[in-house]
Structures are given as C-alpha cells and as structure tokens.
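Remarks on the structure that follows.
The values are calculated or read from the model by the stated rules, or taken from the named source; none is laboratory data. Worth saying up front: this structure is predicted, and the values here are computed from it rather than measured. When we count neighbours, we look across all protein chains shown, and the Cβ atoms used for this are built from the backbone with ideal geometry, even at glycine. Only protein heavy atoms, including side chains, enter the accessible area calculation; ligands, DNA and RNA are left aside. Shrake-Rupley method; radii C 1.70, N 1.55, O 1.52, S 1.80 Å.
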Amino acid sequence: SPAMSPPGPPDGGWGWVVVFGAFISIGFAYAFPKGLAIFFKEIQDFFGTSYSEIAWVSSIMLATTYGAGPISSILVNRYGSRPVVMFGGLLCGVGMVSAAFCTSILQLYICVGFVTGFGLALNLQPSVIIIGKYFLKRRPIANGLAMAGSPVMLCTLAPLNQFLFDNFGWRGSFLILGAILLNCCVAGALFRPIGAATASGKTQAIEEGKATLKEEVTKDAMEMSSPMNVPTETKTEEEEGKDCCEKINQYLDFSLFKHRGFLIYLIGNVLMFLGFFAPIVFLAPYAKHIGIDEYSAAFLLSILAIVDMIARPTTGIIANSKWVRPRIQYFFSFSIAFNGTCHLLCPLASGYTGLVVYSVFFGLAFGMVCAMLFETLMDLVGAARFTSAVGLVTIAECCTILLGPPIGGTLIDTFGDYKYMFIKCGAVMVLAGTFLFIMNYYNYRMLAKEEKERKAKEEDPKSVRTENEVRNNWNKETTQDGPELEPLREEQEGLKKEVNGT
C-alpha cells in the first residue's frame with residue numbers, strides 16, 4: 001500500500017474553514033425558529049391570538065426549512081453548495097425585513113414562515129452535504145462541530161432577541177434580525193467546491209479523482225486512493241454513479257424506499273419530530289406563565305444551548321470512537337428515548353431551579369440527537385446516496401414538524417396547563433427511541449445473515465464488497481480490493497506529476 005498521505009483537503013485543510021461556514025449557516029437554520037419564541041407572547045398580545053395560532057409561525061418556518069429539503073438537494077446537485085447558500089441568506093434577510101411591516105398574523109406566516117423558512121432550508125442542506133464531501137475519517141467530529149452552530153447561535157440569539165425587543169419592539173427587532181441573517185451569504189462564500197465534476201452524480205470516482213487533481217488538490221486524490229487509511233466506498237460510489245445515469249430521476253433517488261435501513265430511520269425520525277421542537281418553542285412562554293421574569297425565561301434557552309454546545313462535539317467524538325461507530329444506531333435510539341424521559345419528568349419541575357435542571361438535561365439530550373441526526377443516516381445509506389436521502393427524509397419529517405408545536409399549543413389552550421404538552425412530547429419520543437432500537441437490532445441481524453449467505457456463495461473473501469457490507473464491516477474492513485484500484489492510482493500519480501510540472 002502507498003505511504004500514508006498527509007492529511008489533505010478531504011479531512012482537514014480548507015475543510016475546517018468549510019466547517020466554520022457550515023457552523024454559521026446551520027446555526028441560523030436551527031436556532032432562528034427557536035429564538036423567535038421570545039417574541040411570541042408579545043406578538044400574541046399585539047394581534048390578540050391564541051397559543052396554537054402563534055405556534056404556527058415557528059411551525060411553518062421549521063416545516064418549510066425541512067420540507068424544502070428536496071428542492072435544496074436538487075439545487076445543490078445542480079449548482080453546487082456555494083450559490084445555493086448565498087441565495088438562501090438573501091431570502092432570509094428579505095423575509096425578516098418584510099415581516100417587520102406585517103399587519104396581520106397571516107402575513108407573518110408568509111414572511112417569517114415561508115420566505116425565511118425557505119431561505120434557511122437553502123442554508124441547511126448544502127452545509128450538511130459539503131461536510132460529507134470534505135471529510136471522511138473525521139466526519140462525525142466535523143459534523144458534531146458544525147452542528148454546534150445551532151446552540152451557539154441560540155445561546156446568543158435568545159438574550160439578544162430579548163434585548164432587541166426591549167429597545168426596538170418586535171418590528172424593529174425583525175428589521176435588525178433580517179440584517180443579521182445576511183451573514184449567511186458570507187458563510188456560503190466560504191464553501192469552495194471540491195472539483196467541478198463532483199457536483200453531478202454521474203461522474204465516477206476515477207473522473208472525480210482527475211477533476212480534483214486538476215483543481216490542484218493533489219492530496220485529496222492520494223487520500224482517496226490509499227486503501228489503508230480509508231474504508232472508502234470508492235467501488236460503490238462508482239456503481240452508484242452508473243446507476244444514477246440509468247435513472248431518469250438523477251436528483252432524488254427513490255430506490256431508497258426499498259432500502260431497509262433507510263425506512264427504519266425514516267419511520268423513527270418522523271415519529272420523533274412530533275415531540276422534538278414543541279418543548280423548545282414553549283419553554284420561554286412556560287417560564288413567563290409561571291411568573292418568571294423575561295430575561296430569566298430567555299436565559300433558560302441560553303442554558304439549554306450552552307449544554308447543547310458542549311454535548312454536540314462530545315457526542316461527535318464518542319460516536320467516532322471504535323466501540324460506538326459500528327453500532328452508532330443504538331446510541332442514536334438511546335439518545336432519543338433519553339430526550340423523551342426528560343420531557344416526561346419536566347412537569348415535576350417546580351420553580352426556576354427545577355426548570356434550570358430540566359434545561360440542562362434537555363440541552364444534553366437535544367445535543368446528542370442533533371449531533372447524530374445526519375451521521376446515522378450517512379452511516380445507513382453511504383455517502384453516494386446521502387444527498388438524495390437527506391432530501392427525502394426532510395420532506396417526510398416536515399409534516400410532523402409542522403404539527404408538533406400547534407398540537408402542543410392546542411393542548412395548552414384546552415387544558416390551560418403546560419404539563420400535558422410535555423407529557424405528549426415525552427411519550428412520543430420514548431416510543432420513537434424504542435422503535436429505532438428494536439428495528440436496528442433486527443436490521444443488524446439481517447445484514448449479518450445476508451453477509452453469511454453471500455460469503456458461502458462466493459467463497460473468495462477478497463471479492464468486492466457491496467454497500468451493505470461496507471457499512472456492516474466498518475471496523476473490520478481495512479483494505480479495499482488491490483487490483484481494483486490499481487489503474488486509478490497510476491492515473492493519479494501521472495496527473496500529480498503533470499500538475500506539479502505545470
């Protein structure tokens with residue numbers, strides 16, 4: 001095997017700048033709808049609406065952010081990450097500025113919910129996707145760091161929003177927030193594409209190697225071609241590429257619905273999101289309802305966010321360890337159930353201290369889930385189909401995300417008490433966690449069985465591995481098929497000399 005190449009772009013270098021950009025745009029995409037909850041009580045009084053009506057603002061925003069996932073994925077496949085994120089930032093700014101001039105709750109739904117929500121969708125997907133392009137070995141850590149953007153932003157947005165509100169009222173705040181959101185354009189500008197060809201799903205790994213080299217990212221290719229460091233899906237990506245060509249539908253790969261792991265993930269997540277956001281949306285209003293002052297209520301969101309901030313990268317590092325990575329799905333299901341347990345216990349919290357304790361645990365659980373949300377999906381479907389998978393998952397999730405907070409709001413309106421909302425969320429999440437745990441156990445068993453049958457059939461253990469096996473043998477697999485990659489390596493050596501010569 002060739003000498004270990006220096007850790008080049010695919011696992012570092014400019015990749016860290018990209019992580020920083022993703023950190024900002026993911027941060028806004030996730031934290032913004034929650035940070036807005038600070039204004040809810042006041043907007044509610046201003047328009048004279050009920051809890052569930054005002055909860056729709058957050059809901060529509062979150063749902064649009066997720067539901068527009070496929071559109072975002074298609075645009076990324078078409079134009080690459082950079083322009084999409086920059087356009088998204090522009091939309092966010094426009095949406096919030098126009099929201100400042102709204103005269104009815106319906107106009108708020110449109111400006112904040114749809115326009116800003118769509119802008120955030122264009123921020124979220126490309127950021128997640130580009131990290132997959134820049135990182136392989138350190139991917140869970142990179143994902144964890146980028147996802148930490150959300151709590152960092154929430155931590156600053158909650159008190160900032162309260163401060164803006166006290167000084168400028170909600171209309172003035174919306175204007176200023178619109179301006180702040182334009183920073184997403186700056187973040188997008190950092191997303192330098194890796195190789196022109198990688199954007200289209202049609203090119204094969206070999207051509208990818210060529211293109212990247214011509215971009216003078218020589219180390220990238222060496223990293224790809226050295227079988228020792230990376231259990232890359234070089235082979236499967238190649239096959240995927242050919243498959244995509246044959247598909248009429250090259251942007252959203254619907255064959256994923258035949259993929260057992262993907263379906264399990266999808267059902268579990270759709271269930272989970274029914275109770276995922278409502279507690280955050282209602283945490284500050286709940287505190288104000290009990291009679292806690294505004295700043296302390298906003299501070300609860302900050303506490304949640306600070307814990308979350310520490311939890312995400314930590315989870316990323318734990319998930320990357322050799323004990324957890326092969327069984328990352330179990331870890332994921334545990335964290336969802338843990339999340340649910342927190343909500344179930346929340347009604348027991350009395351007074352501010354109780355709520356602070358709840359915020360700490362909720363932050364920890366929330367961070368664990370978020371850090372692994374995309375990592376587990378990538379682990380199930382492989383990097384090649386990830387773009388499509390993200391799009392399909394988010395469009396399915398958007399229905400439950402849309403319903404979550406208003407159902408919570410309705411429960412609060414009906415019973416005049418917040419505890420039923422927390423119990424509903426907790427129960428749903430515990431159920432989802434249990435479901436994922438049982439089904440993934442079954443999935444791992446089936447994969448092992450299929451692998452045995454295949455081994456028996458082929459007898460030659462060095463034959464090229466299929467996608468399932470690549471994923472199943474994450475830790476066992478150290479070498480790829482030697483001869484398979486040989487021509488690729490020679491080509492890259494040649495190209496490297498050529499580039500260095502020019």
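Within the range 158-178, residues that are outside the structural domain of I280 (by the TED database) and without any contact (Cβ under 8 Å) to a residue 60 or more places away in the chain sit with their Cβ atoms under 7 Å from residues that are hydroxyl-bearing (S, T, Y) and part of a helix (DSSP H, G or I), at 6+ positions apart or across chains, in these pairs: L164/S173.
One residue alone among I310, I336, I328 is hydrophobic (A, V, I, L, M, F, W, C) and open to solvent by 50 Å² or more (accessible area, probe 1.4 Å), and that residue is I310. Take F422 and tell me if it is surrounded by 24 or more Cβ atoms within 10 Å (Cβ to Cβ), in a helix (DSSP H, G or I), among the aromatic types (F, W, Y) and in the same structural domain as R312 (by the TED database). Considered against the rule, which asks whether it is surrounded by 24 or more Cβ atoms within 10 Å (Cβ to Cβ), in a helix (DSSP H, G or I), among the aromatic types (F, W, Y) and in the same structural domain as R312 (by the TED database), F422 comes out as yes. When each of Y30, Y66 is tested for being touching an Asp or Glu at 6+ places or on another chain (Cβ under 7 Å) and either farther than 18 Å from H289 by Cβ or outside any helix (DSSP H, G or I) (or both), the lone residue that passes is Y66. Every condition in (1) closer than 14 Å to F32 by Cα; (2) open to solvent by 10 Å² or more (accessible area, probe 1.4 Å); (3) at pLDDT 85 or above is met by D166 except one, and the failing one is (1).
Restricting A297, A311 to residues that are in the same structural domain as S350 (by the TED database), part of a helix (DSSP H, G or I), modelled with pLDDT of 85 or more and not β-branched (V, I, T) narrows the list to A311. From the set of residues in the range 314-325 that are open to solvent by 30 Å² or more (accessible area, probe 1.4 Å) and assigned to a helix (DSSP H, G or I), which is farthest from T376 (Cα to Cα)? Only one residue fits best here, namely T314.
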